[in-house]
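The structure under discussion appears below in the form of structure tokens.
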Amino acid sequence: MSIQYGYYLPLGNVYDSVRFVSITAKMTGFGSTVEQKQDKAGTPVWTISALVKRGDDPAAMENFSLIASVKTAEAIGKVAELTPIRLVGLSGGKWAKAGSDRTEWSFQITSIESAS
């Protein structure tokens with residue numbers, strides 16, 4: 001179980017470069033109850049995986065949640081792997097697992113666009 005906070009803070013442009021890797025359905029549930037996560041309006045939630053670089057830090061894989069239609073997700077899925085992209089509407093929130101003092105970041109975006 002995790003403690004979820006209902007807010008995300010806008011982050012602006014925090015990465016020097018972002019390269020698209022993939023888009024997949026964000027799943028929820030366990031076993032036979034696994035299904036694609038949806039927002040309150042019923043719009044599917046997706047996970048955008050990207051290789052990000054910031055300053056002198058080594059490049060790292062990061063995941064970003066995106067609420068979008070199936071049509072939009074299919075269009076994003078046609079982006080070639082490692083294509084430079086911009087993350088539009090990037091925001092971040094922190095959460096902690098119950099019983100732990102360690103916090104984690106989670107990120108969401110509103111869309112992506114070509115950076116070339």
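The values are calculated or read from the model by the stated rules, or taken from the named source; none is laboratory data. Quantities reported herein were computed from a predicted structural model and do not represent experimental measurements. Here the Cβ is made from the backbone with ideal geometry for all residues, glycine too, and neighbour counts use every protein chain on show.
Quick look at the numbers
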{"quantity": "Considering residues of the stretch 82-100 that are over 13 Å from Val18 (Cβ atoms) and in a loop (DSSP other than H, G, I, E, B) only, the residue farthest from the chain's Cα centre (by Cα)", "calculated": "Gly99"}
{"quantity": "Residue within the stretch 95-111 that is over 23 Å from Leu9 (Cα atoms) and touching a strand residue (DSSP E or B) at 6+ places or on another chain (Cβ under 9 Å) present", "calculated": "no"}
{"quantity": "Within the stretch 38-50, considering residues that are within 24 Å of Arg86 (Cα to Cα) and assigned to a loop (DSSP other than H, G, I, E, B), the one modelled with the lowest pLDDT", "calculated": "Asp39"}
{"quantity": "Residue count, the stretch 51-81 (criterion: within 23 Å of Asp39 (Cβ to Cβ) and in a strand (DSSP E or B))", "calculated": "6"}
{"quantity": "Hits in the stretch 18-37 (condition: loosely packed, with under 14 Cβ neighbours inside 10 Å and in a loop (DSSP other than H, G, I, E, B))", "calculated": "Gly29, Phe30, Val34"}
{"quantity": "Neighbours by Cβ (under 6 Å, 6+ apart or cross-chain): first from the stretch 34-49, of a type in the set (S, T, N, Q); second not in a strand (DSSP E or B)", "calculated": "Thr47/Lys26"}
